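**Q** Before I ask anything, let me first share the structure, which is written out below as C-alpha cells.
Computed from the coordinates by the stated procedures, all read-outs in this text should not be read as laboratory data. On a predicted model such as this, the values are computed, not experimentally measured, just so you know. Methodologically, a virtual Cβ is constructed for each residue, glycine included, from the backbone with ideal geometry; neighbour enumeration extends over all protein chains shown.
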Amino acid sequence: MPEPTSASVVLDDPEDRKLVTLARSTRARTGSSEGAAVRDLDGRTYAGARVDLPSLQLSAVGVCVAMAVASGSRGLEAVVVLADELTPADRTLVADFAGSGVTIHRVDATGRVGESVAT
C-alpha cells in the first residue's frame, strides 16, 4: 500500500467533509475512542464507533465496513477515521472490501486531516 501523506488541512470535497462530521458526531455521541464514516459506491454513508466488549472488538472502520456489507454495498469511495492512528488492519480491511484506489483520511478531533492514504 502507498505510504501515507501528512496533510494537516481541511478537506475540500463537501462529501468528504460530511464524512468528517459523521465520524466526529458518532465518536462524541458514544464517547468512544474512535469514530469513522464511509461512503459507498452508491453515495450511501455509514458511521460507526469502536466496539470494545469482552466478546466482540471492532474498530470504527470495521463497524462501518460491516454495515456497508450487510446493506448490500459493492464497494467504497472514501473513508474517514477519527482515531490516534490509522492501523494496518483497517487499511487491509478497506482494501479487502473495496479494492485499490480508496482514499482513507485520518482526522483529529477538530476535523483536520492528519494523514491520507489510498488503498
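**Q** Under a point spin-label approximation (7 Å from Cα along Cα-to-Cβ), what is the residue 85-residue 52 distance to one decimal in nm?
**A** My value for the distance between the label points is 1.5 nm.
**Q** Arranged from highest to lowest average of other beta-carbon atoms within 10 Å per residue, in what order do the peptides 88-95, 108-115 appear?
**A** Packing order, densest peptide first, comes out as 88-95, 108-115.
**Q** Moving on to the next point. I want to make sure I understand the PRE zone here: with the label point 7 angstrom from the Cα of residue 12 toward its beta carbon, which residues in segment 65-86 have backbone N atoms less than 19 Å away?
**A** 78-80, by backbone N distance to the label point.
**Q** A further question on this structure: Semi-axes of the equivalent ellipsoid of the chain: what are they in whole Å, largest first, if each equals the square root of 5 times a C-alpha gyration tensor eigenvalue?
**A** On the way: eigenvalues 66, 57, 40 Å².
Those come to 18, 17, 14 Å.
**Q** May I ask for the equivalent-ellipsoid semi-axes of segment 39-96, computed as the square root of five times each C-alpha gyration tensor eigenvalue and listed largest first in whole Å? Display every interim value, and only then the final one.
**A** Values: eigenvalues 71, 35, 20 Å².
Value: 19, 13, 10 Å, ordered largest first.
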